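The values are calculated or read from the model by the stated rules, or taken from the named source; none is laboratory data. Since we're looking at a predicted model, the values are computed, not measured. Heads up, the Cβs are rebuilt from the backbone with ideal geometry, glycines too, and the neighbour counts pull from every protein chain shown.
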There are 2 protein chains.
Amino acid sequence: MASSKPFAVLLSPDVKEAVKAVKEAVSQRKTILVIGNCWVHYRGRASSKLKPGERILIIKEDGSLLVHRSVGYEPVNWQPPGCIFHTQLKNNVLEIHAVRQKPAESVKVFFDKIHMVSALSLVDAGEFSLYASEEDMQKAILLEPSLVEEGFTPMSYEKKVEPGFVDVYGVDKDGNFVVVEIKRKTAGNEAVLQLARYVDAIKSRVNREVRGILVAPNIAKGVQSLLATLELDFKALHPKKCAGILKRSETRKLETFFEK
Amino acid sequence: MASSKPFAVLLSPDVKEAVKAVKEAVSQRKTILVIGNCWVHYRGRASSKLKPGERILIIKEDGSLLVHRSVGYEPVNWQPPGCIFHTQLKNNVLEIHAVRQKPAESVKVFFDKIHMVSALSLVDAGEFSLYASEEDMQKAILLEPSLVEEGFTPMSYEKKVEPGFVDVYGVDKDGNFVVVEIKRKTAGNEAVLQLARYVDAIKSRVNREVRGILVAPNIAKGVQSLLATLELDFKALHPKKCAGILKRSETRKLETFFEK
């Protein structure tokens with residue numbers, strides 16, 4: 001394959017041609033696709049064997065590796081970025097070894113029949129932005145209450161308390177009531193005063209300690225002193241983190257099989 | 001692309017050709033690769049936007065979707081199996097919508113320049129087998145002690161106790177000492193007697209209740225009665241599950257960015 005091309009494809013190469021193309025593409029740190037009949041051995045924290053079948057192998061510029069079957073959202077085998085690759089021809093089989101040192105683990109992919117080898121120089125500077133609403137943050141906290149603090153246990157949410165609705169309401173590890181007010185952007189004095197009103201409203205009804213925790217990615221200048229005066233707490237939490245937790249919680253449900 | 005071919009490739013198609021090829025391949029439930037310049041919108045539990053760049057889109061036979069950049073072991077956007085796909089041509093752009101109902105979420109991928117469309121019928125019946133050693137199981141238990149039981153807290157492992165080494169040693173939620181004996185295969189009476197010897201050895205040294213828990217994928221016939229006689233517990237745990245936990249624990253460390 002011409003090394004200067006941003007997109008080179010070999011269709012139905014013989015094994016020898018494929019070895020040459022993969023070697024060249026690895027040395028040039030290209031993104032590589034190999035589609036064909038392969039089997040895979042993994043040895044590391046545990047070990048696995050994948051018997052022969054037609055799959056898609058992806059090697060990325062950063063030295064990560066993925067083996068994808070025709071079904072399943074997750075790769076059947078993979079290595080994170082930073083692998084060292086060894087490519088060789090052995091008994092008319094293309095062998096690609098992806099090796100990591102820490103922890104020591106290796107994935108070996110063996111191809112005996114190859115539909116395609118492709119070497120890509122992907123130009124990609126596009127920014128990825130993720131948005132999560134205050135409702136998303138609330139859901140994430142209900143899923144992982146330790147986002148607020150260790151030992152926090154939510155009891156309800158959207159609890160009606162004059163003058164409005166409390167985002168999350170629960171108890172801390174010492175049994176105190178906790179009112180959580182969530183903001184997805186930098187929180188100002190207004191958010192603190194809103195939280196204080198909820199705390200006061202609940203204090204007037206129960207004879208127990210009531211704490212208020214403001215949850216937001218950060219607070220505006222000067223807000224810390226108002227929090228201190230009103231004896232309220234602040235917990236930094238980014239909406240992006242919440243979005244990740246929500247997505248992962250859903251993904252986990254899908255993980256009925258354990259890969260690699 | 002000829003629908004009967006197990007492996008069809010269109011190189012540098014115009015957008016209209018690409019739309020036709022993707023539509024056809026989706027209707028035939030093929031595995032589809034689209035490589036080109038694209039941007040991606042996601043809307044669901046949270047929402048995200050990925051600005052234009054060259055990427056690899058994979059649609060699988062089971063209706064899952066992955067968008068891979070040239071770096072990063074994880075896809076930047078994805079949908080799990082079971083999506084409904086809508087493919088259309090709009091303003092000379094190839095639009096692929098992958099929609100799920102529960103939870104409601106959609107990924108929209110827009111291509112304005114396409115290097116390749118490939119439709120694959122991958123033949124793959126190869127079995128995937130995963131092996132984990134007793135040491136792997138021990139590590140998994142130290143990472144996730146609730147694998148043994150809720151409230152279990154490990155204190156040490158490979159603790160020397162005549163007549164050998166205790167796999168994992170800890171306390172349960174009521175403060176009792178707990179000795180855990182791990183077997184990666186069906187446990188027989190021999191494993192139970194080994195555990196009993198450790199429990200007795202520790203009982204002779206402490207003046208607290210000492211429990212013994214045998215952890216194995218399953219127990220042989222007749223072993224339950226010996227466990228009952230000796231007042232020892234059994235917890236079913238498969239080495240495969242442990243291997244998954246170990247792999248995931250390592251993967252989690254890599255997840256500094258939250259996708260989708």
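Give the residue that is nearest to the chain's Cα centre (by Cα), with candidates limited to residues of the range B:133-154 that are of a type in the set (A, V, I, L, M, F, W, C) and within 21 Å of A:GLU105 (Cβ to Cβ). Lay out the reasoning, then the answer.
Of the range B:133-154, the ones of a type in the set (A, V, I, L, M, F, W, C) are B:137, B:140-143, B:147-148, B:152.
Retained after the next criterion (residues that are within 21 Å of A:GLU105 (Cβ to Cβ)): B:137, B:140-143.
Values: B:MET137: 16, B:ALA140: 14, B:ILE141: 17, B:LEU142: 19, B:LEU143: 16 Å.
Step by step, filter the range B:133-154, then rank; the result is B:ALA140.
Answer yes or no as to whether B:ASN77 is under 29 Å from the mean Cα position of the chain (by Cα) and in contact (Cβ under 8 Å) with a residue 40 or more places away in the chain.
yes
Could you check the range B:68-92 and list, in sequence order, the residues that are in a strand (DSSP E or B), under 24 Å from A:LYS30 (Cα atoms) and not hydrophobic (A, V, I, L, M, F, W, C)? Lay out the reasoning, then the answer.
Taking the range B:68-92 and keeping what is in a strand (DSSP E or B), we get B:68, B:77-79, B:84-90.
Those still in the list that are under 24 Å from A:LYS30 (Cα atoms) too: B:68, B:77-78.
Of everything in the range B:68-92, those that are in a strand (DSSP E or B), under 24 Å from A:LYS30 (Cα atoms) and not hydrophobic (A, V, I, L, M, F, W, C) turn out to be B:HIS68, B:ASN77.
Take the range A:129-141 and flag every residue that is surrounded by fewer than 21 Cβ atoms within 10 Å (Cβ to Cβ) and assigned to a loop (DSSP other than H, G, I, E, B).
The answer is A:SER133, and nothing else.
Take the residues in the range A:89-123 that are closer than 30 Å to B:PRO6 by Cβ, within 26 Å of the chain's Cα centre (by Cα) and free of Cβ contacts under 8 Å to residues at least 60 places away in the same chain, then tell me which one is surrounded by the most Cβ atoms within 10 Å (Cβ to Cβ). Steps first, answer last, please.
To start, the set of residues in the range A:89-123 that are closer than 30 Å to B:PRO6 by Cβ comprises A:89-98, A:107-122.
Still in the list and also within 26 Å of the chain's Cα centre (by Cα): A:97-98, A:107-109, A:120-122.
Within this subset, residues satisfying the condition of being free of Cβ contacts under 8 Å to residues at least 60 places away in the same chain are A:97-98.
Working: A:HIS97: 17, A:ALA98: 27.
Here the residue is A:ALA98.
Can you name the residue in the range A:226-257 that is at pLDDT 95 or above and either acidic (Asp, Glu) or assigned to a strand (DSSP E or B) (or both) and is also farthest from B:LEU66 (Cα to Cα) among such residues?
For the range A:226-257, the residue satisfying everything is A:GLU231.
Answer yes if at least one residue in the range A:57-67 is modelled with pLDDT of 95 or more, farther than 23 Å from B:VAL34 by Cβ and not in a loop (DSSP other than H, G, I, E, B), and no otherwise.
No: the range A:57-67 contains no residue that is modelled with pLDDT of 95 or more, farther than 23 Å from B:VAL34 by Cβ and not in a loop (DSSP other than H, G, I, E, B).
With the condition kept exactly as written, say whether any residue in the range B:67-77 is surrounded by fewer than 21 Cβ atoms within 10 Å (Cβ to Cβ) and under 23 Å from A:CYS242 (Cβ atoms).
yes
If a residue must be closer than 21 Å to A:LYS240 by Cα and either charged (D, E, K, R) or at the interface with chain A (Cβ under 7 Å from one of its Cβ atoms) (or both), how many such residues does the range B:26-51 contain?
Looking only at the range B:26-51, we keep the residues that are closer than 21 Å to A:LYS240 by Cα, and these are B:39-51.
Filter once more, so that each one left must be either charged (D, E, K, R) or at the interface with chain A (Cβ under 7 Å from one of its Cβ atoms) (or both): B:39, B:43, B:45-51.
Looking only at that region, the number is 9.
Specify the residue that is farthest from the chain's Cα centre (by Cα); the eligible residues are those in the range A:52-65 that are more than 15 Å from A:LEU94 (Cα to Cα), facing chain B (nearest Cβ under 7 Å) and of a type outside the set (Lys, Arg).
Step one: of the range A:52-65, the residues more than 15 Å from A:LEU94 (Cα to Cα) are A:60-65.
With the extra rule that they be facing chain B (nearest Cβ under 7 Å), the set shrinks to A:60-62, A:64.
Right, trim to of a type outside the set (Lys, Arg) and you get A:61-62, A:64.
Working: A:GLU61: 19, A:ASP62: 17, A:SER64: 15 Å.
In this case the residue turns out to be A:GLU61.
So in the range A:208-225, with the set limited to residues that are in a helix (DSSP H, G or I) and surrounded by fewer than 17 Cβ atoms within 10 Å (Cβ to Cβ), which one is farthest from the other protein chains (Cβ to nearest Cβ)? I'd like the intermediate steps shown before the answer.
First, the residues of the range A:208-225 that are in a helix (DSSP H, G or I): A:223-225.
Now narrow it down to the ones that are surrounded by fewer than 17 Cβ atoms within 10 Å (Cβ to Cβ): A:224-225.
On the way: A:GLN224: 27, A:SER225: 32 Å.
So the residue we want is A:SER225.
Looking at (1) at pLDDT 95 or above; (2) on the phi < 0 side of the Ramachandran plot, which is the only condition A:ALA8 fails?
Only one criterion in (1) at pLDDT 95 or above; (2) on the phi < 0 side of the Ramachandran plot is unmet by A:ALA8, namely (1).
May I ask you to verify whether B:VAL40 is farther than 21 Å from B:LEU120 by Cβ and either of a type in the set (A, V, I, L, M) or not in a strand (DSSP E or B) (or both)?
On the way: farther than 21 Å from B:LEU120 by Cβ: yes; either of a type in the set (A, V, I, L, M) or not in a strand (DSSP E or B) (or both): yes.
When the stated conditions are applied, B:VAL40 passes them.
Could you give every pair whose Cβ atoms fall below 7 Å, whose first residue belongs to the range B:15-37 and is under 21 Å from A:ALA8 (Cα atoms), and whose second residue is at pLDDT below 95, counting only separations of at least 6 or pairs across chains?
B:ALA21/B:MET1
Exactly one of these conditions fails for A:GLU149: (1) in contact with a strand residue (DSSP E or B) (Cβ under 6 Å, 6 or more places away or on another chain); (2) in contact (Cβ under 8 Å) with a residue 60 or more places away in the chain. Give me its number.
Unmet for A:GLU149, out of (1) in contact with a strand residue (DSSP E or B) (Cβ under 6 Å, 6 or more places away or on another chain); (2) in contact (Cβ under 8 Å) with a residue 60 or more places away in the chain: (1).
Can you pull out the residues in the range A:101-128 that are more than 9 Å from chain B (Cβ to nearest Cβ) and either within 26 Å of B:ASN77 (Cα to Cα) or not in a strand (DSSP E or B) (or both)?
Correct list: A:GLN101, A:LYS102, A:ALA104, A:VAL107, A:VAL109, A:VAL117, A:ALA119.
What number goes with the only condition from (1) part of a strand (DSSP E or B); (2) over 25 Å from A:TYR131 (Cβ atoms); (3) of a type in the set (Gly, Ala, Ser) that B:SER48 does not pass?
Every listed condition holds for B:SER48 apart from (2).
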